[in-house]
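Down below is the structure, laid out as structure tokens.
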Amino acid sequence: MNALRNLLDKQKPLFEKGGKFEKFHYAFEAGETFMFTPNHTTGIKGTQIKDAVDLKRLMMTVVIALIPPLLFGIYNVGDMHYLATGEAATFWDKILIGMRVVLPVVLVSYTAGGIVEAIFSIVRRHPINEGFLVTGMLIPLIMPPTIPLWEVALATVFAVIIAKEVFGGTGMNVLNVAMTARAFLYFAYPTDMSGDVWYFLGGQQYADGFTGATALGIAAETSVAEGSQQVVGALSAVNHGMFDFWNIFVGLIPGSIGETSTLMCLVGAIILVATGVGSGRIIFSVFAGAFALGLIMNLAGANEFMNMPAYYHLAMGGLAFGAVYMATDPVSAAHTDTGKWIYGFLIGVITVIIRVLNPAYPEGIMLAVLFMNVFAPLIDYFVIQANKKRRLQRATV
Amino acid sequence: MSQHIKIKKGFEIPLAGKAEKTLANPVQSETYVIKPTDFLGFQRPKILVKEGDTVKAGQPLFFDRKMNEVMYCAPVSGEVVEVIRGEKRKLLGIRILGDKQIDCAKFPERSSTELAGMSRDEAQKIMLESGVWPQIIQRPYGIVADPADTPKSIFISTFDTHPLAPDFDYLLKNQGGFFSAGIDVLKKFTLGKVHIGIDADAEVSPIFSAAKGVVTDKFSGIHPAGNVGVHIHHTDPISKGDIVWTLDPYGVVQIGKLFLKGVYDASKIIALTGSEVKKPQYYQTYIGADIKKIVEGNLKQEHVRFISGNVLTGERIYKDGYLGFYHHQITVIPEGDYYELLGWLKPTANKLSFHRAFGLLSFLNPKKEYVLDSNTRGEERAFVQTGIFEQVTPIDMLPEYLLKAILAEDYDEMEELGIYEVIEEDLALCEFIDVSKHDIQGILRRGINLIRFS
């Protein structure tokens, strides 16, 4: 490894101030620091030792927590493909199809975002931030499996520039970058983001009697159709009982690539909370908010969707994925501990409101997270005011 | 009147190289330096000695034109060999070649009963000219106290919970009489109380329990349980307009000695600590001593960093550097100027972390003593992680927002978010655990200066 170090040391002067490639300093630095932690030492005054943690490690932890939904997503895309076409297939057939669909999306997302980050680091002269390690993985996982690759690239570029870089880069953004990418496609290319997009068919046709709807779509229909049956019954009637609760929970259902499995999201949640990287307060309160409003809806019971058992809300759609990976983004979430409880709870509540009461959108987590991202500073503001007030109360002047 | 306060928020940094409670053979340092830079808030020095002058211990060397009653005095007798200056002739220190036998300037001696009848003005005059006054630190700002003020209360923390910190009970052995006398003098300066914070987890040293007429507050728990800022916050918090004075027990003893023996005694016991010291133990020396003789031949290797003070709030010095005015400790750790292949990804049990992010395994083994070096373990980034500074700050405040207010130079916010309550040492743990590697103590001092001169 000394050879690698020597090679880097030899090239380094070219990228320093006054060097031939001075402009690319931060790009070089990014590459260098990914291979070697730098030889920086602490200053003259202040702490002389530092904690072993750094931002790269923190972000890496999130990427690791994303592996369960990613792997499950790869399998599930294949599984759904064979289920929809009605063909018999082995485990490896499914994995193969899944990889064919998912890996290009991941690759495109990382490449497009990486290029934008690099260009900005050169133009704006700031270090390349590790935040994109996570964003680049989140974006593919919230795309439908049928998404055209150019749209992935476009959405990533849009989100990185508009949601992050214009604010000054990682740490300065107001909105969750990955959710912004999804929202961009959702409104710019609605036909590719909703409707019959949840099965990768690969040019084949649905098997006889198979429907391409999602659980939330079916549930939403019950709220408008007159004299419809109970949601649970309606769900289990579809595609030979595909939307049985446990199936929904485990995630063997159609949906965006990585968000179908509540189980895998819970595994990720355990990783995030145990390592202290994700806020358990937020995750818990998102679920609590959704469940609480679900119960209230049950009491109101104006239509069959309202009567759906509240725990279905927790497993259906992208709520779990959003709660665990999106709402916990420390930069765009509330920063104060008290604020996190409120922020999470409201995300859960708004998600269910959009799902049940708004006929236009079957799923609400995306809009709920973005909406609360905008309101997080306001929540923090009140928490900070309370802290200031405690201090002022004992002042005499 | 006594209360027991348990400190739960914080973080212990268990380092290797704790000083054994033995006193090393005497080593006499050659030179001593008193540095204006050791005194936070020091503004414009006026030098009172020339190179070649001989001075007695307790004779003034310089003062601050902005607070000209407070004298900064020679710790030992000897010859002024150098007025050390930096860029733009800035005064960096006065170097004194120490005598073998210390010759002390004489101040009036008093018995402990006479002390009781002495007025504040009388006591203050002697304290100002003898060199003990800078031991009194004013909060807010953490600067040398202004003799024109009457503080709301005076706080003394009798224990230090910083990594490898020396034990005051050992540093001040048999000096209980001076401590009590020092307290008696200090009581004249405040209309409020003198608070003594003691360690509830250890046996109370007779040195501190003998003091009369003080409020004793017990603190237990992890670092920063010994920080005087934490004690103040939990017993008599500082609000806007309040002035509180703080001292360490050594300063109190020095004041007591000044009155009972009539001398400015700058001798002190310090701890030589750290993983790179062969035999960490205590040494007898003086304020401002050159550390060369103390560390010589006592190191496991040469590529080390010398720190005057502890690893959280200390100052890097060199092998021929000098002990800081307020420090009771020298720490020697390995220098960390090396690259590490995939250092950010490798699982590690040998590097201490407050966090438990991927591969940081130190939380599994909280009792282990760590050898930590001065590597920053990553580069500076924007603030990303939230809610962790609060976990190591046992003060009801929001450090992240205070720091952002300072960066934005928002004076009202700084004030409302509690900048009066903290100085560097109170947020030192935040700097240690910060994922984004900010110079938090530096930022805080910038904010304090903004507020102070606004």
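The values are calculated or read from the model by the stated rules, or taken from the named source; none is laboratory data. Predicted model only: the values in this text are computed from it and were never measured. Reconstructed Cβ throughout: ideal geometry from the backbone, glycine too, with neighbour counts over all protein chains shown.
The residue that is nearest to the other protein chains (Cβ to nearest Cβ), counting only those in the stretch A:1-44 that are of a type in the set (S, T, Y) and within 35 Å of the chain's Cα centre (by Cα), is A:T37.
Filtered by the rule that a residue be surrounded by fewer than 21 Cβ atoms within 10 Å (Cβ to Cβ) and either within 14 Å of chain B (Cβ to nearest Cβ) or over 16 Å from the mean Cα position of the chain (by Cα) (or both), the stretch A:168-189 gives A:G168, A:G171, A:M172, A:V174, A:F187, A:A188, A:Y189.
For every residue, the table says whether it meets (1) surrounded by fewer than 17 Cβ atoms within 10 Å (Cβ to Cβ); (2) more than 22 Å from the chain's Cα centre (by Cα).
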{"position": "B:I406", "(1), (2)": "no, yes"}
{"position": "B:D410", "(1), (2)": "yes, yes"}
{"position": "B:V422", "(1), (2)": "no, no"}
{"position": "B:L427", "(1), (2)": "no, no"}
{"position": "B:C430", "(1), (2)": "no, no"}
{"position": "B:K437", "(1), (2)": "no, yes"}
{"position": "B:I440", "(1), (2)": "no, no"}
{"position": "B:F453", "(1), (2)": "yes, yes"}
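When the criteria are applied in full, B:G41 meets the requirement of being closer than 29 Å to A:I44 by Cβ and surrounded by 15 or more Cβ atoms within 10 Å (Cβ to Cβ). Residue check: A:M80 meets all listed conditions (1) more than 14 Å from chain B (Cβ to nearest Cβ); (2) in a helix (DSSP H, G or I); (3) without any contact (Cβ under 8 Å) to a residue 60 or more places away in the chain but one, namely (3).
When B:A349 is tested against (1) more than 29 Å from the chain's Cα centre (by Cα); (2) at the interface with chain A (Cβ under 7 Å from one of its Cβ atoms), just one condition goes unmet, and that condition is (2). Taking the stretch B:250-284 as the range and being assigned to a strand (DSSP E or B) and either of a type in the set (A, V, I, L, M) or touching a helix residue (DSSP H, G or I) at 6+ places or on another chain (Cβ under 7 Å) (or both) as the test, the residues that pass are B:K268, B:I269, B:I270, B:A271, B:L272, B:V277, B:Y282, B:Y283. Considering B:S275, B:S220, B:S209, which residue is without any contact (Cβ under 8 Å) to a residue 12 or more places away in the chain, among the polar types (S, T, N, Q) and over 17 Å from B:S153 (Cβ atoms)? Answer to the check: B:S209. Please state which one of A:I384, A:I350 is more than 30 Å from B:L402 (Cα to Cα) and part of a helix (DSSP H, G or I). Testing whether each residue is more than 30 Å from B:L402 (Cα to Cα) and part of a helix (DSSP H, G or I) leaves just A:I350.
Scoring A:T214 on the criteria (1) crowded, with 22+ Cβ neighbours inside 10 Å; (2) of a type outside the set (A, V, I, L, M, F, W, C); (3) in contact with a helix residue (DSSP H, G or I) (Cβ under 8 Å, 6 or more places away or on another chain) leaves a single failure, condition (3). Taking the criterion of being within 8 Å of chain A (Cβ to nearest Cβ) and not in a helix (DSSP H, G or I), the residues of the stretch B:424-454 that qualify are B:D434, B:V435, B:S436, B:K437, B:D439. Of the listed requirements (1) aromatic (F, W, Y); (2) within 7 Å of chain A (Cβ to nearest Cβ); (3) within 19 Å of B:L164 (Cα to Cα); (4) in contact with a Gly (Cβ under 7 Å, 6 or more places away or on another chain), B:W344 misses just one: (3). Checking the stated criteria, B:I96 turns out to be assigned to a strand (DSSP E or B) and either closer than 29 Å to B:L444 by Cβ or out of contact with any Leu (no Cβ under 7 Å at 6 or more places or on another chain) (or both). May I ask you to list the residues in the stretch A:45-67 that are touching a residue at least 24 places away in the same chain (Cβ under 8 Å) and within 7 Å of chain B (Cβ to nearest Cβ)? Of everything in the stretch A:45-67, those that are touching a residue at least 24 places away in the same chain (Cβ under 8 Å) and within 7 Å of chain B (Cβ to nearest Cβ) turn out to be A:L55, A:K56, A:L58, A:M60, A:T61, A:I64. The helices (runs of 4 or more DSSP H) found wholly in the stretch A:215-298 and carrying at least 3 residues that are closer than 24 Å to A:M99 by Cα and in contact with a Ser or Thr (Cβ under 9 Å, 6 or more places away or on another chain) occupy A:245-250. Among the residues of the stretch B:330-355, those identified as modelled with pLDDT of 95 or more and either within 29 Å of B:A74 (Cβ to Cβ) or among the hydroxyl-bearing types (S, T, Y) (or both) are B:I330, B:T331, B:V332.
Going residue by residue through the stretch A:210-231, is there one that turns out to be modelled with pLDDT under 90 and over 27 Å from A:I353 (Cβ atoms)? Yes, because at least one residue in the stretch A:210-231 is modelled with pLDDT under 90 and over 27 Å from A:I353 (Cβ atoms).
Scan the stretch B:328-341 for residues that are surrounded by 17 or more Cβ atoms within 10 Å (Cβ to Cβ), in a loop (DSSP other than H, G, I, E, B) and at the interface with chain A (Cβ under 7 Å from one of its Cβ atoms) and the total you get is 3. Against the conditions (1) at pLDDT 95 or above; (2) of a type in the set (S, T, N, Q); (3) surrounded by fewer than 20 Cβ atoms within 10 Å (Cβ to Cβ), A:T351 satisfies every one except (3).
When each of A:I95, A:I44, A:I67 is tested for being at pLDDT 85 or above and outside the structural domain of A:I119 (by TED's automatic domain parsing), the lone residue that passes is A:I44. Applying the criterion of being more than 14 Å from chain B (Cβ to nearest Cβ) and touching a Gly at 6+ places or on another chain (Cβ under 8 Å) to the residues of the stretch A:318-334, the residue that is surrounded by the most Cβ atoms within 10 Å (Cβ to Cβ) is A:A323. Here A:L71 does not qualify as more than 9 Å from every other protein chain (Cβ to nearest Cβ) and exposed (fewer than 15 other Cβ atoms within 10 Å of the Cβ). Restricting the stretch B:354-384 to residues that are free of Cβ contacts under 8 Å to residues at least 24 places away in the same chain and part of a loop (DSSP other than H, G, I, E, B) leaves a set whose member that is farthest from the other protein chains (Cβ to nearest Cβ) is B:N365. Of all residues in the stretch B:50-72, those that are over 21 Å from the mean Cα position of the chain (by Cα) and of a type in the set (A, V, I, L, M) total 4.
Residues in the stretch B:100-117 that are surrounded by fewer than 17 Cβ atoms within 10 Å (Cβ to Cβ), assigned to a loop (DSSP other than H, G, I, E, B) and of a type outside the set (K, R): B:Q101, B:D103, B:P108, B:E109, B:S111.
Among the conditions (1) buried (at least 24 other Cβ atoms within 10 Å of the Cβ); (2) within 14 Å of another protein chain (Cβ to nearest Cβ); (3) touching a Lys or Arg at 6+ places or on another chain (Cβ under 6 Å), A:N373 misses just one, which is (3).
Let's see how each residue does on (1) surrounded by fewer than 23 Cβ atoms within 10 Å (Cβ to Cβ); (2) more than 14 Å from chain B (Cβ to nearest Cβ):
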{"site": "A:L299", "(1), (2)": "yes, yes"}
{"site": "A:T336", "(1), (2)": "no, no"}
{"site": "A:G339", "(1), (2)": "no, no"}
{"site": "A:R355", "(1), (2)": "no, yes"}
{"site": "A:F382", "(1), (2)": "yes, no"}
